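These notes are about the structure you will find just below.
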Amino acid sequence: MKKKLTWIQTLNSRGSILGNGLPMEPILNPFTLIQFQKNFRAELGGEWEVDYISQDIEKLDEIQGDVIAIPQNLEGYIDLNQFKNAVIIPFIDIHQKNYNSIKSIILNHC
């Protein structure tokens, strides 16, 4: 059975962006964002289902997954005590596309 990783890319409040877990490059160039998502899925492997989401801050309790990935620059918006399965992904690893390091963080949490 596949494990599920839910990656919070952005946080919003009723549709207004509060925080973005991405470097500026993918925001300005959607192709870069799609490429990051595709490459990271490949790095993680076929035994994982990966969902990239924008989550309403008022509905954080609705997030489901075996692991919840939260970019470091979004952790200030989230009470991490409500998630036993959350991992913080260092922003520098996202920016540098260090897929192997991100994968290690996620796998070490399981």
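Observations, loosely collected:
- Number of positions in the range 87-110 that are free of Cβ contacts under 8 Å to residues at least 24 places away in the same chain, closer than 15 Å to Asn39 by Cβ and hydroxyl-bearing (Ser, Thr, Tyr): 1
- Sole exception among (1) over 19 Å from Leu11 (Cα atoms); (2) in contact with a helix residue (DSSP H, G or I) (Cβ under 6 Å, 6 or more places away or on another chain); (3) hydroxyl-bearing (Ser, Thr, Tyr) for Ser104, by number: (2)
- Flag for Glu75 being at pLDDT 85 or above, in contact with a helix residue (DSSP H, G or I) (Cβ under 8 Å, 6 or more places away or on another chain) and under 17 Å from Ile105 (Cα atoms): no
- One residue from Ile102, Ile34 being within 14 Å of the chain's Cα centre (by Cα), loosely packed, with under 14 Cβ neighbours inside 10 Å, among the β-branched types (Val, Ile, Thr) and within 15 Å of Trp7 (Cβ to Cβ): Ile34
- A search for C-beta distances below 7 Å between a residue of the range 58-78 that is assigned to a loop (DSSP other than H, G, I, E, B) and crowded, with 17+ Cβ neighbours inside 10 Å and any residue that is at pLDDT 85 or above and among the hydroxyl-bearing types (Ser, Thr, Tyr), counting only pairs 6+ apart in sequence or on different chains, returns Ile63/Thr6; Gly65/Thr6.
- For the range 39-57, a residue qualifies if it is within 13 Å of the chain's Cα centre (by Cα), outside any helix (DSSP H, G or I) and of a type outside the set (D, E, K, R), and the qualifying residues are Val50, Tyr52, Ile53, Ser54, Gln55.
The values are calculated or read from the model by the stated rules, or taken from the named source; none is laboratory data. Note that the structure is predicted; figures quoted are calculated from it, not measured. Because the Cβ atoms are built from the backbone with ideal geometry, glycine has one as well, and the counts that use them run over all protein chains shown.
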